[in-house]
Amino acid sequence: MELEVRHLRALCAIADTGSLHKAARQLGMSQPSLTTQLRRIENALGGQLFARERTGCRPTPLGRSVLSRARPLVTEMRSLVSETRAAAARTADGPRLRIGSTASRAIPGWLRRLRIRLPGTEISLQMDVSANALLRMVDAAQLDVAFVHEVEGSPLRMPEALRRRVLLDREPQFVSLAADHPAAGRPVVRLGDLADDRWMVDPTVDGEWDGLRRVLTAAGLNPPVLHGDYLTAASLVATGEVVALCQPTSRGRAEMAVRPLHGDPLGVRLLVAARAEEELDAVYGELEAAYWEAARQSPAYAQWLLRAGDPRGAGGGTLVPAGR
């Protein structure tokens with residue numbers, strides 16, 4: 001028997017699930033068929049690849065050696081198929097750009113710049129609270145690029161095949177609070193100033209709840225926390241019901257203030273991911289310009305950047321290294 005990619009895919013499925021039954025279900029075949037296929041693969045390779053135990057299947061030393069070579073081949077074949085399909089679709093339907101993003105004030109300016117730079121290209125946008133879900137979609141060629149944020153202390157699950165470019169190594173997270181809150185009169189808010197407040201967080205945003213919990217615990221605070229989406233949070237912040245973390249590009253309103261937190265206790269990394277460097281090159285410059293435009297439109301963030309010595313806060317064009 002000659003080994004084929006489908007055989008390698010079966011071996012990876014058995015190793016990943018630890019069970020012939022689960023692997024068969026994942027592959028869309030019966031367990032007896034998979035068992036027979038595994039026996040034929042082992043016969044062809046001349047040795048046992050999995051030890052069958054009462055609790056499942058465990059790779060043997062020979063199996064681990066084979067899997068170390070099989071996984072990259074399976075991943076490469078998956079990428080080949082998905083990228084070829086995407087290229088065929090672009091050829092048939094004309095140029096298109098499928099963007100995914102977590103929430104950001106930079107999105108409108110980014111899309112505006114891309115439409116000017118790429119006339120005739122159909123640009124679509126998919127928003128999602130989960131950065132990990134967007135990265136999986138790029139890996140599966142369901143999106144071309146994804147602009148996401150990674151909460152400090154909660155690393156994203158970045159697929160190995162993706163290329164990434166960091167827009168900002170650490171963006172400080174600010175706080176939104178009612179305009180008549182006593183702390184809103186200060187240019188910088190200490191967490192202790194919010195000790196008597198309820199907080200609100202969206203637990204469906206990857207890493208957000210864990211990040212807030214770490215920050216509050218480090219400050220010795222244990223306030224009541226409500227869970228909900230950030231649209232609801234904005235309404236409750238404005239009425240003084242809660243306070244909430246927010247992006248520094250957020251802009252205050254008559255009834256709501258946006259302020260930096262003393263010591264910048266929580267940050268996120270902003271990055272854009274794609275399957276190829278060429279796709280990053282096609283969108284990165286416009287994203288960078290749109291982000292700093294949004295930053296300058298937020299008075300609190302513009303002032304923070306100036307205090308930090310970053311000329312971009314005043315509209316300057318000099319770039320400073322990420323992680324400064």
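Keeping to region 182-224, report how many residues are within 17 Å of G240 (Cα to Cα), open to solvent by 40 Å² or more (accessible area, probe 1.4 Å) and either assigned to a loop (DSSP other than H, G, I, E, B) or in contact with a Phe, Trp or Tyr (Cβ under 8 Å, 6 or more places away or on another chain) (or both).
Summing the residues that are within 17 Å of G240 (Cα to Cα), open to solvent by 40 Å² or more (accessible area, probe 1.4 Å) and either assigned to a loop (DSSP other than H, G, I, E, B) or in contact with a Phe, Trp or Tyr (Cβ under 8 Å, 6 or more places away or on another chain) (or both) in region 182-224 gives 5.
In region 1-102, which strands (runs of 3 or more DSSP E) lie fully inside it and hold 1 or more residues that are out of contact with any Pro (no Cβ under 9 Å at 6 or more places or on another chain) and surrounded by 19 or more Cβ atoms within 10 Å (Cβ to Cβ)?
56-59, 96-101
Among residues belonging to region 108-139 that are open to solvent by 50 Å² or more (accessible area, probe 1.4 Å) and assigned to a helix (DSSP H, G or I), point out the one that is nearest to D202 (Cα to Cα).
R136
Show the residue pairs that are 6+ apart or on different chains and have beta-carbon atoms under 6 Å apart, the first residue being within region 117-131 and closer than 30 Å to W209 by Cβ, the second being assigned to a loop (DSSP other than H, G, I, E, B) and open to solvent by less than 70 Å² (accessible area, probe 1.4 Å).
Pairs that qualify, where the first residue is closer than 30 Å to W209 by Cβ and the partner is assigned to a loop (DSSP other than H, G, I, E, B) and open to solvent by less than 70 Å² (accessible area, probe 1.4 Å), are V129/V205; S130/D206; A131/T102; A131/L156; A131/D206.
Yes or no: I107 among the aliphatic types (A, V, I, L, M) and touching a His at 6+ places or on another chain (Cβ under 7 Å)? Don't jump to the end; show me each part of the working.
Details: among the aliphatic types (A, V, I, L, M): yes; touching a His at 6+ places or on another chain (Cβ under 7 Å): no.
Taking the combined requirement at face value, the residue does not satisfy it.
Mind listing whichever residues of region 201-257 are more than 26 Å from L305 (Cβ to Cβ), over 20 Å from the mean Cα position of the chain (by Cα) and of a type in the set (D, E)?
Matches in region 201-257: E241 only.
So that you can scan it fast, the table gives a plain yes or no per residue for (1) in contact with a Ser or Thr (Cβ under 6 Å, 6 or more places away or on another chain); (2) in contact (Cβ under 8 Å) with a residue 24 or more places away in the chain:
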position	(1), (2)
D16	no, no
R40	no, yes
A51	yes, no
L62	no, no
S68	no, no
P72	no, no
I99	no, yes
R105	yes, yes
P108	no, yes
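Starting from region 183-210, take each residue that is within 15 Å of V225 (Cα to Cα) and of a type in the set (V, I, T) and list its partners that are open to solvent by 10 Å² or more (accessible area, probe 1.4 Å) and in a helix (DSSP H, G or I), counting only C-beta distances under 7 angstrom and pairs at least six apart or across chains.
V201/E208; V201/W209
Residues of region 272-295 being free of Cβ contacts under 8 Å to residues at least 40 places away in the same chain and under 11 Å from A106 (Cα atoms), which ones?
Scanning region 272-295 gives a single hit, W292.
Pull up region 107-157, narrow it to residues that are among the acidic types (D, E) and touching a strand residue (DSSP E or B) at 6+ places or on another chain (Cβ under 8 Å), then point me to the one that is farthest from C246 (Cα to Cα). First the steps, then the outcome.
Taking region 107-157 as the starting set, the residues that turn out to be among the acidic types (D, E) are 122, 128, 139, 144, 150, 152.
Going one step further and asking which of them are touching a strand residue (DSSP E or B) at 6+ places or on another chain (Cβ under 8 Å), we end up with 122, 128, 144, 150, 152.
Values: E122: 31, D128: 17, D144: 27, E150: 14, E152: 14 Å.
Here the residue is E122.
The values are calculated or read from the model by the stated rules, or taken from the named source; none is laboratory data. On a predicted model such as this, the values are computed, not experimentally measured, just so you know. Glycine gets a Cβ as well: all are built from the backbone with ideal geometry, and neighbour counts include every protein chain shown. Remember, those area values only see protein heavy atoms, side chains included, never the ligands or the DNA or RNA. Shrake-Rupley method; radii C 1.70, N 1.55, O 1.52, S 1.80 Å.
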